[in-house]
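Here is the structure we will look at.
The values are calculated or read from the model by the stated rules, or taken from the named source; none is laboratory data. What you see is a predicted model; the values in this text were computed from it and never measured. A quick note on method: Cβ atoms are made from the backbone with ideal geometry, for glycine too, and the neighbour counts reach across all protein chains shown. Ligands, DNA and RNA are stripped out before the accessible areas are found, and what is left, the full protein with its side chains, is counted by its heavy atoms. Shrake-Rupley method; radii C 1.70, N 1.55, O 1.52, S 1.80 Å.
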Number of protein chains: 2
Amino acid sequence: MSAPIVHGGGITAAAAAFGGRPEDWLDLSTGINPCPVALPDIPPGAWHRLPDRHLFDEARFAARSHYGSGEILPLPVPGTQSVIQLLPRLLSQDRQVVVTDDRIAVVSPTYGEYARAFTSAGFAVDAVGDVAEIGGEHRLAVVVNPNNPDGRVWPVEMLIALHDRMTAAGGLLVVDEAFGDTDPALSLAARAQELPNLIIFRSFGKFFGLAGLRLGFAIAREDILARFENWLGPWAVSGPALSLAASLLRSDVSAIRHSLDERSAALQATLASAGLRIRGGTALFTLVADSRASDIYTHLCRHHILVRKFDYALDWLRFGLTPDPAADRRLGEALQGFER
Amino acid sequence: MSAPIVHGGGITAAAAAFGGRPEDWLDLSTGINPCPVALPDIPPGAWHRLPDRHLFDEARFAARSHYGSGEILPLPVPGTQSVIQLLPRLLSQDRQVVVTDDRIAVVSPTYGEYARAFTSAGFAVDAVGDVAEIGGEHRLAVVVNPNNPDGRVWPVEMLIALHDRMTAAGGLLVVDEAFGDTDPALSLAARAQELPNLIIFRSFGKFFGLAGLRLGFAIAREDILARFENWLGPWAVSGPALSLAASLLRSDVSAIRHSLDERSAALQATLASAGLRIRGGTALFTLVADSRASDIYTHLCRHHILVRKFDYALDWLRFGLTPDPAADRRLGEALQGFER
């Protein structure tokens, strides 16, 4: 069992260390839309009954329409994390036996749970710097697009070429589009039906601001989705999550995109005014590079603002979106008070 | 991959076969409280944020108080099903390797997902008729107490003796108390801290009538729970589920118990009036034995009432609770119309 990874969202621990009530902290440590959509009504039956196939199918049809996945009906999963943890098992086919010298490539640095899942299962993981370094020796490759935390993007055609290289060598390509909702042109979803060895993961909660819901989707060929579904077991996704997906994924999301763009621009302006160098990001977070990142992190904690730091890149800080102009000012004032 | 098991809750399929709108059917095919508790308020943050450790801990403390598990803090899981599927992996320790001649005992007939999980993982499963048949050759034994669907119960002392036999031979005992909330005296929860090789599963949704929520708890020694938690990964349980657990598991549940007893008595009276022989049950369902069970099943479907039949016991029908006296009358009239 490898050590758990510290993710964003640890406001309770931060408040215990630096004081203040958790609810008074400004949490910029995650990449979640800070202005959640209004919750549509959830019918009482979605709470009461085991999620029926009908509700499950409604969510799948809505997801197909939203993600544009053509003939593929995306599979609802209880958070992308749940299927990340099943990837090693997918490589062992229907056995639970993984005794292998197979190598896994993860374009890095990126979301740490991929390397953790494969390492715990006994695979050798190569943290490669770019897709060009992925070769025939890799049985599975992971690309997060856009990447977390640096926001790097890989064009669709480059990933299709990678898929074809992987396929020729009998390998699988996983493309995690968790931060992909704000830039649909980057998504491989529309091409998935032609790409048999591709698995796409989508996150529901980040874009809609409903991360507590635990909902994601997998898009892949039918037998891969059937295996995920079988391993997750019946009723893996809650009724309220399926119900919200069925309505929100059919709604007009242009106002959400607009709000995220506006919030992202405000965040970048605040960071730039404070003299911070923007290293990358997506509409849902901005990455800053600064040699005094660790001191800035602590300084912000003293102002009860939590951002994300990284063990593997001590000069990086990731800032999630601020919810409103008041929070922009609060962040700006705290940053202005940092003595360089 | 073994074939999926048909569980209750398939109203959509039944309505497609026998007509009527799914919402007009009387669904007696599950063992879920038909009178769900009023939903307490869910704070917006439970939907919006990734479930924080603080919320997770609140649910654990509330569960400890409700289940009476002493020093053990029950682990929230996204439905008991999620941990049933991890049991094979528990036997393989930290490897994902299961290459074994170990035998598993499941006191049967019972909830089918145990046998399915172990069989898919390559274990040999002995369906034993009673706990007395479980021996030293069994590396893990499963007892559902009270049992589904026949309502058989095993006294605490008998299960503790079984635990001690299993422990002496290096085995584990799983006691599934999914239907245990209505009879707390049957629970092993209060003894769990003295029983190192015991794993208890509890279901949240059946008793509270919130099966769509996907929430259960595991009670076991700390290293077993830590392994489950690691394998489920971060944020396995949704924020709304943790929030509802934290408040409902601290509430006075005597009114729920009273309502279930009243509904159960009404169901049994309805079944007895129709001349059906009651074979067993719990406060959440009643099992009937009748040589014409299959015809009664079809007859009820024609009246848009769905009950549960069993491949392995063709003379059994399981009736879930009716929600109110009107439903009792509807069921009674449909049964009276059955021509023997």
Self-check item: As computed over the protein assembly as shown, the Cα convex hull volume per residue (Å³)
Solution: 150 Å³
Quiz item: How big is the accessible area of A:ARG165 in square angstrom, nearest 10, if you roll a 1.4 angstrom probe over the protein chains?
Solution: 110 Å²
Quiz item: What net charge do the residues around A:LEU242 carry, taking every other residue with its C-beta under 10 Å from that of A:LEU242, with Lys and Arg at +1 and Asp and Glu at -1?
Solution: -2
Quiz item: What are the semi-axes of the equivalent ellipsoid of the stretch B:187-340, taken as the square roots of 5 times the eigenvalues of the Cα gyration tensor, listed largest first and rounded to whole Å?
Solution: 36, 18, 15
Quiz prompt | Pairwise burial A:B, computed as accessible area of each alone minus the pair, summed, 1.4 Å, Å² | solution = 4200 Å²
Quiz prompt | For the stretch B:127-220, average projected area of the Cα convex hull in nm² | solution = 6.1 nm²
Exercise. Give the relative contact order (percent, whole number) for the stretch A:18-164; include only Cα pairs under 8 Å separated by 6+ residues.
Key: 15 percent
Quiz item: How large are Rg and Dmax for the stretch B:177-262 when only the alpha carbon atoms are used, in Å?
Solution: 14.0, 41
Quiz item: Per residue of chain A, what 222 nm ellipticity follows from adding -39500 (n - 2.57) for every DSSP H run with n ≥ 4, rounded to the nearest 500?
Solution: -11000 deg cm²/dmol
Practice problem: Collect residues whose amide H, placed 1.01 Å from N in the peptide plane, falls under 5 Å from the amide H of A:VAL77; neighbours closer than 5 in sequence don't count. | Solution: A:GLY216, A:PHE217, A:ALA218
Quiz item: Once both axes come from the Cα atoms, what is the angle between helix A:156-168 and the longest principal axis of chain A, in degrees from 0 to 90, rounded to 10?
Solution: 40 degrees
Quiz item: Among B:GLU177, B:GLU229, A:GLU58, what's the order by accessible area (1.4 angstrom probe), most exposed first?
Solution: A:GLU58, B:GLU229, B:GLU177
Quiz item: Using a label point 7 angstrom from Cα along Cα-to-C-beta, what distances in nm, from shortest up, separate B:TYR312 from the other copies?
Solution: 4.7
Practice problem: Would you look at the GNM of chain A, springs on alpha carbons closer than 10 Å, and say which of A:VAL143, A:VAL175, A:VAL153 moves the most? | Solution: A:VAL153
Quiz item: For chain A, what relative contact order do you get, as a whole percent, if you take Cα pairs closer than 8 Å and at least 6 residues apart?
Solution: 24 percent
Exercise. Could you let me know the centre-to-centre spacing of the stretch B:134-173 and the stretch A:250-300, using Cα atoms, in angstrom?
Key: 56 Å
Quiz item: To the nearest 0.05, how large is the calculated FRET efficiency for B:ALA169 and A:THR298 if R₀ is 56 Å and r is the Cβ-Cβ distance?
Solution: 0.55
Quiz prompt | Volume in Å³ per residue [convex hull over Cα atoms, computed for the stretch A:67-170] | solution = 128 Å³
Self-check item: For the stretch B:44-248, convex hull of alpha carbons as volume per residue, Å³
Solution: 112 Å³
Quiz item: Say R0 is 35 Å: what FRET efficiency, to the nearest 0.05, do A:CYS35 and A:PHE61 get from their beta-carbon distance?
Solution: 0.85
Practice problem: Assuming R0 = 35 Å, can you tell me the calculated FRET efficiency for the pair A:SER273 and A:THR12, based on Cβ-Cβ distance, to the nearest 0.05? | Solution: 0.70
Exercise. Please work out, to two decimal places, the log10 of the ratio I(q)/I(0) at q = 0.15, 0.27 Å⁻¹ from a Debye calculation in which every Cα of the stretch A:235-300 carries one identical scatterer.
Key: -0.67, -1.17
Quiz prompt | Formal net charge of residues neighbouring B:LEU188 (Cβ-Cβ distance under 12 Å; K, R +1; D, E -1) | solution = -2
Quiz item: Ignoring ligands, DNA and RNA, how do B:MET166, A:MET158 rank by accessible area with a 1.4 Å probe, largest first?
Solution: A:MET158, B:MET166
Quiz item: Once the mean 1/r over all distinct Cα pairs of the stretch B:158-199 is inverted, what Kirkwood radius in angstroms do you read off?
Solution: 10.7 Å
Quiz item: For the pair A:ASP130 and A:SER247, how long in nm is the line joining their label points, each one 7 Å along Cα→Cβ?
Solution: 4.7 nm
Practice problem: Provide A:ILE278, A:ILE42, B:ILE134 ordered by accessible surface of protein heavy atoms (probe 1.4 Å), highest first. | Solution: A:ILE278, A:ILE42, B:ILE134
Quiz item: To the nearest 10 degrees, how steeply does helix A:325-336 sit against the main Cα axis of chain A, on a 0 to 90 scale?
Solution: 60 degrees
Quiz item: GNM, chain B, Cα, under 10 Å: largest mean-square fluctuation among B:LEU173, B:LEU317, B:LEU87?
Solution: B:LEU87
Quiz item: For the stretch B:281-328, which chymotrypsin sites (Phe, Trp or Tyr not before Pro) are both in a DSSP coil and crowded by at most 12 other Cβ atoms within 10 Å?
Solution: B:TYR312
